[in-house]
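The values are calculated or read from the model by the stated rules, or taken from the named source; none is laboratory data. Worth saying up front: this structure is predicted, and the values here are computed from it rather than measured. FYI the Cβ positions are ideal-geometry reconstructions off the backbone, even for glycines, and counts take in every protein chain you see.
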Amino acid sequence: MSGTKQLLPGVFVGSHAIAEGLLTRGQLRRRGYRRVVQGVYADPGLAFDHRLKCQGVTLLLPDGAVIGGHSAAAWFGAPFAAAGDPVTVLRAEDVPWKGPRGVRVHQTTLRPDERTVVDGLPLSSALRTAWDVAALEPLPVAVAALDGMVRAESIGLPELRVMAAQGMGRFGAARVRRAVPLVDPRAESAPESRVRVALVLAGLAPEPQYEVRSGGRFLARVDFAWPEARVALEYEGAYHFEDGQIVRDEERMCRLRAAGWIVIRISAADLRDLEAVVEKVRGILVAR
């Protein structure tokens, strides 16, 4: 068993705590400890998120296994996976470990240079993580993670391109070659990445983070733009509704409309039907 249990205060293996006399089984049940995954518990004051799940799973890992894929990507600048998502673990072929429920085990070969330790957690390296994200995750999720990793400078676009070009014959190579050309670190959030992927795949590639100017005067920066048609699309996340931001956004919209721009505004609810967003954009571009 890996020797990281002392590095994660507030997260512990229940049977170990009982064996060491720190808790009784009754206390483990009565004191409200949160079960992170089967056999692993956390202080109820800790936020239950994917990071906490990764910490809990680390306590169970056999020697040589690492946190990888979408789970590891957050330590290299990608958005964290959701709390309900399984923790991705990479293990060697000769390690017969399936993991508890809530863990997705990927049997593979890991070279020594594809392993690292960050915040006390055994992770796959940034480059190996990028490969597994692209190979294992749905395309929009993969591109959003890779956007974040490149934006955080954990990995560069040239490295990704070389990785994809040299990966012939590896598991997931076709998926990697499809994802890498879509990576663009100008995306400022995972939802923006998902919207951009949907638009590009529909043949409506926008200019991300476009600065709109009129007569040389800066008017606004928009999330996506089709400058020739003077059409913009704005994704409005939670921060758009913070104090003062609504007013500033409306002032930006007024400046854009006065300059002859059409602005499409979408929110998190629209992510559930990106086909509708694509068709709305297509209709407006055709009309312009």
Task: Matching option when the condition is surrounded by 14 or more Cβ atoms within 10 Å (Cβ to Cβ) and in contact with a Phe, Trp or Tyr (Cβ under 8 Å, 6 or more places away or on another chain), among 208, 185 - done: 208
Open item on the list: Tally up the residues in region 83-99 that are surrounded by fewer than 19 Cβ atoms within 10 Å (Cβ to Cβ) and either at pLDDT below 95 or hydroxyl-bearing (Ser, Thr, Tyr) (or both), please.
Closed with: 9
- [ ] Under 8 Å between Cβ atoms, at least 6 apart or on separate chains: pull out the pairs that start in region 64-80 with a residue that is assigned by TED's automatic domain parsing to the domain that holds residue 146 and under 16 Å from residue 138 (Cα atoms) and end on any residue that is in a loop (DSSP other than H, G, I, E, B) and of a type in the set (Ser, Thr, Tyr).
- [x] 79/189
Task: Only one of 200, 176 that is at pLDDT 95 or above and assigned by TED's automatic domain parsing to the domain that holds residue 136 - done: 176
Open item on the list: Just to be sure before I move on: is residue 195 at pLDDT 95 or above, over 13 Å from residue 79 (Cβ atoms), touching a helix residue (DSSP H, G or I) at 6+ places or on another chain (Cβ under 8 Å) and not assigned by TED's automatic domain parsing to the domain that holds residue 64 in the structure I sent?
Closed with: yes
- [ ] Can you run down the residue pairs with Cβ atoms below 9 Å, 6 or more apart or on separate chains, where the first is in region 92-117 and assigned to a loop (DSSP other than H, G, I, E, B) and the partner is among the charged types (D, E, K, R) and surrounded by fewer than 10 Cβ atoms within 10 Å (Cβ to Cβ)?
- [x] 109/93
Open item on the list: I need the full set of residues from region 100-126 which are β-branched (Val, Ile, Thr) and surrounded by 15 or more Cβ atoms within 10 Å (Cβ to Cβ), in order please.
Closed with: 103, 105, 108, 116
- [ ] Among the candidates 134, 47, 74, 78, single out the residue that is surrounded by fewer than 15 Cβ atoms within 10 Å (Cβ to Cβ) and out of contact with any strand residue (DSSP E or B) (no Cβ under 8 Å at 6 or more places or on another chain).
- [x] 47
Task: Single unsatisfied condition, residue 125 versus (1) of a type in the set (Gly, Ala, Ser); (2) closer than 19 Å to residue 173 by Cα; (3) in contact (Cβ under 8 Å) with a residue 24 or more places away in the chain - done: (3)
Open item on the list: Tally up the residues in region 164-194 that are in contact (Cβ under 8 Å) with a residue 60 or more places away in the chain and within 15 Å of the chain's Cα centre (by Cα), please.
Closed with: 4
